[in-house]
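Colleague: This is the structure I want to talk about, given as structure tokens.
The values are calculated or read from the model by the stated rules, or taken from the named source; none is laboratory data. Remember, it's a predicted structure, so these values are computed and weren't measured experimentally. Note that we place each Cβ from the backbone using ideal geometry, even for glycine, and neighbour counts take in every protein chain shown. Just so you know, the surface numbers come from the protein's heavy atoms only, side chains and all, with ligands and any DNA or RNA stripped out. Shrake-Rupley method; radii C 1.70, N 1.55, O 1.52, S 1.80 Å.
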Amino acid sequence: QVQLVESGGGLVQAGGSLRLSCAASGSISSIKTMGWYRQAPGNERNLVASLTSDGTTNYADSVKGRFAISGDNAENTVYLQMNSLTPEDTAVYYCKAILVKVGGSSTYQYWGQGTQVTVSS
């Protein structure tokens with residue numbers, strides 16, 4: 001089995017910062033991509049940032065210049081540093097991993113349970 005465990009959410013004032021972490025564990029052979037998505041009430045779940053195994057990053061336009069995604073390959077962990085937060089960043093943030101499991105060659109997608117980020121004005 002594979003698990004993604006997120007941490008680091010919380011309540012912060014506008015202009016503040018938070019750092020999210022997501023650790024993948026289990027029968028993992030390799031991770032192709034890890035990323036962060038967010039979903040506000042009544043909205044769809046949308047990509048915030050992603051990081052591929054070769055180091056390529058991708059960001060939503062709304063977070064460029066404020067958020068930074070990074071990873072620790074040895075620990076199968078991805079981080080999201082969020083700066084200059086605004087109330088519009090308030091959402092549940094979900095971690096996603098696309099990976100290959102031990103003994104196989106197919107890729108699988110896993111989601112974390114989500115962590116709430118609330119930015120007060």
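Colleague: Would you please give the FRET efficiency between Glu88 and Thr56, computed as 1/(1 + (r/R0)^6) with r the Cβ-Cβ distance and R0 = 30 Å, to the nearest 0.05? If you can, show how the numbers build up before the last one.
Modeller: Numbers: r = 26 Å, r/R0 = 0.87.
Step by step, r from the Cβ atoms, then E = 0.70.
Colleague: Jot down the per residue volume, in cubic angstrom and as a whole number, of the convex hull over the alpha-carbon atoms of the stretch 36-121.
Modeller: On the way: hull volume 9.7 nm³, N = 86.
Expressed per residue, the convex hull around the Cα atoms of the stretch 36-121 is 112 Å³.
Colleague: Using only protein heavy atoms and a 1.4 Å probe, report how much of Ser70 is accessible, in Å² to the nearest 10.
Modeller: 50 Å²
Colleague: Something else now. In percent, how large is the relative contact order of the stretch 46-121, given Cα pairs closer than 8 Å and 6 or more residues apart? Working shown, then result.
Modeller: Details: 99 pairs, mean separation 16.8, N = 76.
Reported relative contact order: 22 percent.
Colleague: Treating the beta-carbon of each Lys and Arg as +1 and of each Asp and Glu as -1, no other charges, what is the dipole magnitude of the chain about its Cα centre, to the nearest 20 debye? Intermediate results must be reported in sequence, preceding the final value.
Modeller: Values: 8 positive and 8 negative charges, 24 e Å.
It comes to approximately 120 debye.
Colleague: Select from Ser25, Ser105, Ser50 the residue whose mean-square fluctuation is largest in a Gaussian network model of the chain (Cα-Cα springs shorter than 10 Å).
Modeller: Ser105
Colleague: Could you look at the chain and say what percent of its accessible area is carbon and sulfur, using a 1.4 Å probe and all protein chains? Walk me through the numbers on the way to the answer.
Modeller: Numbers: 2810 of 6320 Å².
Reported share for carbon and sulfur atoms: 44 percent.
Colleague: Turning to a different aspect of this structure: Applying 1/(1 + (r/R0)^6) with R0 = 25 Å to the Cβ-Cβ distance of Gln3 and Glu44, what FRET efficiency is obtained, to the nearest 0.05?
Modeller: Using R0 = 25 Å, I get an efficiency of 0.55.
Colleague: Here is a further query. What accessible area per residue comes out for the chain, rounded to a whole number of Å², with a 1.4 Å probe?
Modeller: 52 Å²
Colleague: Another question, if that's okay. Between the stretch 86-114 and the stretch 68-82, how many Å separate their Cα centres?
Modeller: 12 Å
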